[in-house]
Structures are given as structure tokens and as C-alpha cells.
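> For reference, the structure I am asking about is given below.
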Amino acid sequence: QVQLMESGGGLVQPGGSLRLSCVASGSIRQFNAMGWYRQAPGKQRELVAVFNGRGGTDYHDSVMGRFLISRDNAKNTVYLQMNNLKLDDTAVYYCNAVLYYAIWGQGTQVTVSS
């Protein structure tokens, strides 16, 4: 069974940057879609940025222009570059991949605080 492992979270001040990584235990080429979701305390999990399986990407409106999703197929890794972080970006960030079922990583905490 394919597993996903996130890394790169941490504590950052507003306006700062972080880069998240998601490494899959198998080839990411097999996935129909792959990307990042987040869940803040008391809120539902929401899409942040994904490769949507239609050859493109989707982003949450609140991160447009600040976050960038990218991938390295040779390393079986998807990245999320997060710039100009805001307090509202504080959440647990989860990597997600879709075969004929959804696969989730364990999550990595991102805290934006002054």
C-alpha cells in the first residue's frame, strides 16, 4: 500500500515562507490527483493546492499568488512553497493522493505567529 510522508512544517512569523514536501512510497505518476489540504482547529479540512488530474492545478482562493505546488516525479515528491504566510494559514497540512481511493499522510503542523 502506498504511503505518504509530509515534512517541512514549523513555526514562522507572518510574511515568512515555508516549503512542505510530500514523499510517496511509490511512483506518483500512478495517481489520478495529488496535492495538499489543510485543517485548522474547529474547521473542516479544505483543499489548498492540487494537481487535479486534468493536467492542471487548483488552488484555494486565499492562497492564490502566495502558494505554489510543484512536483518531482523522479523523487516521487510533491512540494508546496508557501510565501507571505498569514495567521489564517495556521493549520495541519495533509498530503493527499488519489488512486481509486484516497490516500492521506499523517500531516505536518504549520503555525504562523508573531
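The values are calculated or read from the model by the stated rules, or taken from the named source; none is laboratory data. From a predicted model like this one, the values you see are computed outputs, not experimental measurements. We place every Cβ from the backbone using ideal geometry, glycine too, and count neighbours over all the protein chains shown. Ligands, DNA and RNA are excluded from the accessible area calculation, which covers all protein heavy atoms including side chains. Shrake-Rupley method; radii C 1.70, N 1.55, O 1.52, S 1.80 Å.
> Exactly one of these conditions fails for Arg19: (1) modelled with pLDDT of 95 or more; (2) open to solvent by 50 Å² or more (accessible area, probe 1.4 Å); (3) in a loop (DSSP other than H, G, I, E, B). Give me its number.
(3)
> Under 7 Å between Cβ atoms, which residue pairs at least 6 apart in sequence (or on different chains) link something in region 28-44 that is assigned to a loop (DSSP other than H, G, I, E, B) with a partner that is of a type in the set (S, T, N, Q)?
Filtered contacts from region 28-44: Ala40/Thr90.
> For a quick check of your reading of the model, give me the residue pairs whose first member lies in region 58-75 and is among the hydroxyl-bearing types (Ser, Thr, Tyr), whose second is not in a strand (DSSP E or B), with beta-carbon atoms closer than 9 Å and at least 6 apart or on different chains.
Tyr59/Gly65; Ser62/Lys86; Ser62/Asp88; Ser62/Asp89
> Considering (1) open to solvent by less than 20 Å² (accessible area, probe 1.4 Å); (2) aliphatic (A, V, I, L, M); (3) under 10 Å from the mean Cα position of the chain (by Cα), say which one Val92 fails and leave the rest.
(1)
> Can you find a residue in region 95-102 that is at pLDDT below 95 and touching a helix residue (DSSP H, G or I) at 6+ places or on another chain (Cβ under 8 Å)?
Within region 95-102, one or more residues are at pLDDT below 95 and touching a helix residue (DSSP H, G or I) at 6+ places or on another chain (Cβ under 8 Å).
> Only one residue in Leu68, Leu99, Leu80, Leu87 is open to solvent by 50 Å² or more (accessible area, probe 1.4 Å) and touching a Phe, Trp or Tyr at 6+ places or on another chain (Cβ under 9 Å), so which one is that?
On the way: Leu99 fails: open to solvent by 50 Å² or more (accessible area, probe 1.4 Å); Leu80 fails: open to solvent by 50 Å² or more (accessible area, probe 1.4 Å); Leu87 fails: touching a Phe, Trp or Tyr at 6+ places or on another chain (Cβ under 9 Å).
Leu68 is the lone residue from the list that is open to solvent by 50 Å² or more (accessible area, probe 1.4 Å) and touching a Phe, Trp or Tyr at 6+ places or on another chain (Cβ under 9 Å).
> Within region 26-41, work out how many residues are modelled with pLDDT under 95 and open to solvent by 30 Å² or more (accessible area, probe 1.4 Å).
Of the residues in region 26-41, 5 are modelled with pLDDT under 95 and open to solvent by 30 Å² or more (accessible area, probe 1.4 Å).
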